[in-house]
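Structure first, then comments.
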Amino acid sequence: MRGTSPHFEFWHTQVQIIDAINLNVYPTMNAPHNFSVVTYNILAQVYAKSVSFPYTQRKFLRQKYRFDLLRDQLSRLQADIICVQECDEYPTILKGLSSLGYQGLHQQRSGKKKDGCATFWKVDRFLLLAHHEHTLNDIAQQTDDPLYKRDNVALFVKLLPKFLDSKEEELCVINTHLYWDPRYPEVKFRQIQSVLKQAEMYRGERSKIILCGDLNSLPESAVYRYITGEKLEENDPELQYGVHDWENKGGIEKMERATPAIDFGPLHHNLKLSSAYATYRDGREPVFTNYSQNFKGTLDYIFYEMDKLKLNGQLTLPPESELNVETAIPNEKFPSDHLPLRADFSYKVTNIYTRNIPCPYRSSDEMDYNMMNQQNYRGQMMPQQVQQMQQSNNGGNAMNNMMGRNNVSPPQRQMMMPQNMPQSQPSQPTVLDYCQAIITDYHYMLNQINNLKMENGQLMKQKMELQELYNQSQISLNKVQREFDMQTQMSSNLTSYLSVMLERLPTEAREEAVTQLDRIKTPVPEEMRNMGHHNMHPPNMNNGQMNQGINQSTQRIERPRPVHASYTPLEDEPEGLKNKKMKRGPPTKSAPAVHPPNYRNPGQITAPMGSIAPLSTYNAENSNGGFQPRFSTSSVESPGSSPMAPNGSSLKLSNVESKLDDPDSPEKDDEGQDDEKALGLPKTAQLLSTLPHGDVVCTLSIHTPTSRVYTGGRGTVKVWDLHSSAPTSKIVAEIKCLGDSYIRSAKVSRSGQHLILGGESNTVAVWDLNGSPVLKNTLNINSQSCYALSYAQDESSFFSCHSDGIINHWGFNQGNKPLRIFKGHTDGVSCAEVSPDGSKLLTGSLDGTLRIWDIGTGKELGSYNSASQIFALGICPGESWIAVGLESSYVEVMNLLNSNCKYQLHLHESCVLSIKYANSGKWFVSTGKDKLLNCWKSPCGGSLFQCREPNSILCCDISEDDNYLVTGSGEKLASVYKIIY
């Protein structure tokens, strides 16, 4: 037989509250503005296992038994607000409580956890205004420390009491469950800091805060002391990251971890919170709220704002003798290893203009009188009466004595007006009335602002989701575009091949071939179905769009002039066609397409790719030095059939078609891959190896002729083999420079003769790389740091960009004085590039300007103002396009010749730190603090691919052949990628 719920006694004081303004006297517990709050860790069903509670009978751990007992307990508690933790069966619990008049909200824990926090309220007592789900995993992102990722949450619920006349007395109920492990008190402290900080931002001016939950912290812990406003010291043992003693099964264990410095911020908050149970127990919490075999102590609490709410009572917890009947709980009578807490509160009446609590003992005449003459009576109260009220220990008796009510029973009591009471007069608005109205409006507007902030947060979240969807769509669209370009190029190639074949056909065969080509431009539906399996249209592209694309790229095929019956031998082919293999890909420059003379309808071949199939079936016959083709109007008959040249050599047309039908066919040779690469757009990047520099890699440079990668960190440049086959490459050489300062820029000349280095030092180092690296010169820049370096076009000089906004032009053979100084920037110059023609220098600065200089004269030719700091700059080789990386996470692409032509790219989530164009000029990459590497199509910025690394990507470089990409990151290593086309 299932046990019944234990009897919970509700203890409260018998003190009566006096409303001195309305002269109301009433018992506390029966007041209409009272409300009660319960907090309860109900033990998630997923944790109610015999392994954790071996002393509990299995039948008492089953869900149905526990939930029936739980519903019985909550119904007996009769609370207006219920906060539960470890709620993993929310629909079941809500269904049970809804029949008792409750509504609720639930927030599941982050990650893969199934339980969470749920808050319920009586619908006839409270109205839901708003709620907020606070995830404590945000602490891990803010501190960049995975230690704080514990999947805990806090649920904020704003309720409006229906039992009050005022519509501004909001109640903000916070329900949370902190991390459990006693070895990590600093995690719990950071979590409760986040909860109370959010409470200060989320609450309204008139909101009353109640904090409930399982804090997994003892009353002497830093978490408890922080909540109750006790002063904490920075050297508090529980605030130290790493080493803590903790009690486990009677013994002391020590947990040691890394000990970085922790900045907890302010060790105080602005909320005046007090524990409901400690208030009535002279500052002492209950002996236990959690009672299991391995632990007995107080972990659950109800905190309230003692300056805004009055505590009237609390739930008396059962004695230990009822809990240890079966060793511990849960057991037959208790469904959880925790005990429920209940506290009873009432509002402190502070606003005489908006609150009028009726007295059950007053007559209607008395109520009317007080409502009309409330202000006048207060203003005319005699001094001796006020003094008597202040000195009396029982204000209610004092007021009754003044009103002559001591010997009058409540039903027969009549209003006894004091002497000299002025007659009722129409009350005029006073300054206080106007001030109160302004305050009321202010609080209303403040509440509206908070609601708008919440809506704005939700809209921002939706915006990020839409942005992510847009980015994915952009990537898919770029893939489709690449496929379409490839198919268009293939169509152009096949058209060229057809023109060559038609030129060599006899007159009769040529006439028939042209007729067939005209007919297949508009195939009938039956033929379309037959050749459907040969259709190579890119996805989401209809036939009309495909034909239009082919029209724009194919050559015109016109009817050839009449020729003699004798066939022109292969020796008379145009230059470039001899010994040419007919393979997939664009024709080489030495083999231009043949253009026959005009035909009656000089239209372009617009048939889909599969419709050229009739040309693949031939009957090879040697006749008059030529051959007679036999055309078929059906689809391909045999993949092995092929046209034969007069000398018997095969043109392998069917092999071409089979490769076209299967772009991923393993039969593709290197020439086919080179033809794909000729499109110039990469498909993805494959990670080949890592270069473990050992320090943060702030800069790097690739020298393609020697296959060397130079990585710069703190005071050291390390040289690596670019083509190393090992997953982790080994150092080829190491150069010590700039003392112990970080190297911000390292550039190797294309000739491989010089290496220039600059960083957080007042010097720039020039190294000679002919043979072993030798320090050639050290140049004083008269500035604290050098942010960027760039070679002149002829590599006879270079430019250094400094933290004070100055740019120096140095010559390798011109001594230690700069050739020219460029002045104009007002803040540090972070990046610099030389134009492809070598006549201009482009610099980007932290002052938000991009400036263009004439290298010959040193004059400023123009500037561009950005709304954000400029961190990176790239120039498209052979083009007039430049790309700028901004601190605002945007990449802006501009045309130097047309200021109105501009693109703004946004796939980065944080500031853009480096940009590098491919030497082909058809694509470029950008890296950022958000750990992302984005590859863009030039110039429009279509996303080609994206890679994510474990840490911020500070720099990047691309090899001269556009086959390799190297990035340097805060992970203290560089990554080598192979570009896949």
Dividing the mean separation of Cα pairs under 8 Å (6+ apart) by the residue count of the range 680-980 yields a relative contact order in percent of 16
For 66-75, 934-943, ranked highest to lowest by mean beta-carbon neighbours within 10 Å, the order is 934-943, 66-75
Taking Cα atoms only, Rg over Rh for the range 696-794 with Rh from the Kirkwood formula is 0.96
For the range 490-499, Karplus-derived ³J(HN,Hα) couplings (6.51, -1.76, 1.60; θ = phi - 60°; whole Hz; x for glycine and proline) come out as 5, 4, 5, 5, 5, 4, 5, 4, 4, 4
If amide H atoms are modeled at 1.01 Å from N in the peptide plane, then the residues at a separation of 5 or more from Lys348, or on another chain, having amide H under 5 Å from its own are Lys310
Diffing the range 914-930: the Karplus 3J(HN,Hα) column from phi (6.51, -1.76, 1.60, θ = phi - 60°), in whole Hz with x for Gly and Pro, holds 7, 9, 8, 8, 5, 5, 6, x, 8, 7, 8, 10, 9, 10, x, 5, 7
Counting Lys and Arg as +1 and Asp and Glu as -1 over every other residue whose Cβ sits under 12 Å from the Cβ of Met306, the net charge comes to +3
The range 692-788 accessible area per residue, 1.4 Å probe, protein heavy atoms, integer Å², reads 42
Karplus ³J(HN,Hα) for the range 305-320 (6.51 cos²θ - 1.76 cosθ + 1.60, θ = phi - 60°; Hz, whole; x = Gly/Pro) runs 7, 6, 8, 10, 10, 10, 7, 10, x, 8, 8, 7, 7, x, x, 5
Inverse of <1/r> over all distinct C-alpha pairs of the range 849-970, i.e. the Kirkwood Rh in Å, gives 14.6
Quick numbers on the range 680-980, Rg and Dmax over C-alpha atoms in Å, give 17.6, 50
Each label sits 7 Å from Cα toward the beta-carbon; between Cys940 and Lys149 the label points are separated, in nm, by 3.7
Simple spin-label estimate for Gln240/Val287, 7 Å along Cα→Cβ, in nm, reads 3.3
In nm, the gap between the two label points placed 7 Å beyond Cα toward Cβ at Ser110 and Leu477 is 3.3
Sparse-neighbourhood loop hits (GluC sites (Glu not before Pro), the range 886-916; DSSP loop; Cβ within 10 Å at most 13 others) -> Glu909
Taking only the alpha carbons of the range 766-903, the radius of gyration and the largest Cα-Cα distance, Dmax, both in angstrom, are 15.2, 50
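The values are calculated or read from the model by the stated rules, or taken from the named source; none is laboratory data. Only a predicted model underlies this, so the values are computations on that prediction, with no experimental measurement involved. As a convention, Cβ positions derive from the backbone with ideal geometry for all residues, glycine included, and neighbour counts pool all protein chains shown. Areas reflect the complete protein model, heavy atoms only, side chains present, ligands, DNA and RNA absent. Shrake-Rupley method; radii C 1.70, N 1.55, O 1.52, S 1.80 Å.
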